[in-house]
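The values are calculated or read from the model by the stated rules, or taken from the named source; none is laboratory data. What you see is a predicted model; the values in this text were computed from it and never measured. A quick note on method: Cβ atoms are made from the backbone with ideal geometry, for glycine too, and the neighbour counts reach across all protein chains shown. The area values use the complete protein model at the heavy-atom level, side chains included, leaving out ligands, DNA and RNA. Shrake-Rupley method; radii C 1.70, N 1.55, O 1.52, S 1.80 Å.
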Amino acid sequence: MKKTVGLALFFFAIIVVALSACGNEESNSSEALDITLTMGEQSGSMYPIGAAIGEYIGNTFEGTRRSVVVGGALANLELVGRNEAQMGHSSSGLSYAAFEGIEPFDNQLEDVTTIAKVFESLFHIGVIASAEIDSFEDVKEKQYPLTISVGNRGTENELLTRRALEEYGITYDDLEEWGGRVEFVSMGDASSLIRDGHIEAVTSLAGYPAAPFEEIMSSRDLKFLSLSEEVAEALSEKYGYQAMDIPANTYNNQAEAVNTVGGGVVIIANKNMPEEIIYEVTKWMNSEAGNNTLGNINAGVNDFLSDPEKASEGLGAPLHPGAQRYYEEVGVAVD
């Protein structure tokens, strides 16, 4: 009898130890999740938008630790793709390039997914009104010696400008051979150059009306070049941009709409982020509460986050499963 009781106590002790170990394992598996959001400069809109998203996550998911760091549209994709940051912002054009593994990326970033579009940026091609060209076709046909600022090397604006010119059969070398010049400078420097008469054209991927163009036009008359339907379609098919219009009368003396391409400023996430977190973030961003919070930072987000179909369209990279779940729930057809 004593032997039987002893064996029972022995096996009971083993069970207790096993259950204790399971409890410890469960505790370890629910350790706090660290989430880094890599956003834009602190002086811009995207950094506080990232902070607001991080605060929502912290308030909704107990035990999550989040931090917001300064980044850039291109670097953010690389960080999120490597899971060194879990969320961030970028552009739809660069997100497309990252997922496809095309310039400016050396490798395909398959772990990059998207959540929502918060702004749109349109490709502006501003030229002084007195220039004897009205299109890039004119530049090619006349071998016009165009002096143009295309943005800093390696930026999305410079990349898009080069690609647009190439669709017309024009290279930077061609412009220089025809007596023109290509300046790789920031929009601020380009504004000074064109106002002072040192260049006659500038490109910018920006929302509208873009303040730098309005500033230039306070002292210099500009006209905006349209892209042909064929070029816009090629840029869409090859690089994930969308055909868009700068509406008539957006700028002074701009009587007609300007045909161009553009994309969105998008929120991105590593695909391994928990589905439930991304689902709730997407739902909140598209809710009245999310619109109010983020709209107080920049009212432009309400144009997209008030309409789930617009928020989920043309993001460049695939939706995160959590985001896709939300959009499907509200009746948006997503791929």
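Output the number of the condition that Thr36 fails; it satisfies all remaining conditions of (1) out of contact with any Gly (no Cβ under 6 Å at 6 or more places or on another chain); (2) in a loop (DSSP other than H, G, I, E, B); (3) open to solvent by 20 Å² or more (accessible area, probe 1.4 Å).
Every listed condition holds for Thr36 apart from (2).
Say we look at the stretch 162-194 and pick out the residues that are touching a Pro at 6+ places or on another chain (Cβ under 6 Å) and outside any helix (DSSP H, G or I); which of these is surrounded by the fewest Cβ atoms within 10 Å (Cβ to Cβ)?
Gly179
Report whether or not Gly322 is touching a residue at least 24 places away in the same chain (Cβ under 8 Å) and crowded, with 19+ Cβ neighbours inside 10 Å.
When the stated conditions are applied, Gly322 passes them.
Just the residues that are more than 21 Å from Ser228 (Cβ to Cβ), within 27 Å of the chain's Cα centre (by Cα) and in a loop (DSSP other than H, G, I, E, B), please, taken from the stretch 137-161.
Gly151, Asn152, Arg153, Gly154, Thr155
Please enumerate the residues belonging to the stretch 40-91 that are within 15 Å of the chain's Cα centre (by Cα), within 18 Å of Met273 (Cα to Cα) and among the charged types (D, E, K, R).
Of everything in the stretch 40-91, just one residue is within 15 Å of the chain's Cα centre (by Cα), within 18 Å of Met273 (Cα to Cα) and among the charged types (D, E, K, R), namely Glu78.
Any residue at all in the stretch 200-211 that's over 21 Å from Tyr241 (Cβ atoms), touching a Phe, Trp or Tyr at 6+ places or on another chain (Cβ under 7 Å) and open to solvent by 20 Å² or more (accessible area, probe 1.4 Å)?
no
Residues of the stretch 295-319 being open to solvent by 30 Å² or more (accessible area, probe 1.4 Å), farther than 19 Å from Val334 by Cα and either outside any loop (DSSP other than H, G, I, E, B) or among the aromatic types (Phe, Trp, Tyr) (or both), which ones?
Passing the criteria: Ala299, Asn302, Asp303.
List every residue pair whose Cβ atoms lie under 6 Å apart, where the two residues are 6 or more positions apart in sequence or sit on different chains, the first residue falls within the stretch 109-135 and is in contact (Cβ under 8 Å) with a residue 24 or more places away in the chain and closer than 21 Å to Ala232 by Cα, and the second residue, located anywhere, is assigned to a strand (DSSP E or B) and of a type in the set (D, E, K, R).
Val127/Lys223
Which of (1) under 19 Å from Ser236 (Cβ atoms); (2) surrounded by 23 or more Cβ atoms within 10 Å (Cβ to Cβ); (3) of a type outside the set (Asp, Glu); (4) in contact with an Asp or Glu (Cβ under 8 Å, 6 or more places away or on another chain) is the odd one out, the single condition Asn259 does not satisfy?
With (1) under 19 Å from Ser236 (Cβ atoms); (2) surrounded by 23 or more Cβ atoms within 10 Å (Cβ to Cβ); (3) of a type outside the set (Asp, Glu); (4) in contact with an Asp or Glu (Cβ under 8 Å, 6 or more places away or on another chain) applied to Asn259, the lone miss is (2).
Condition (residue is at pLDDT below 90, of a type in the set (D, E, K, R) and closer than 30 Å to Gln242 by Cα) applied to the stretch 39-46: is it met by at least one residue?
yes
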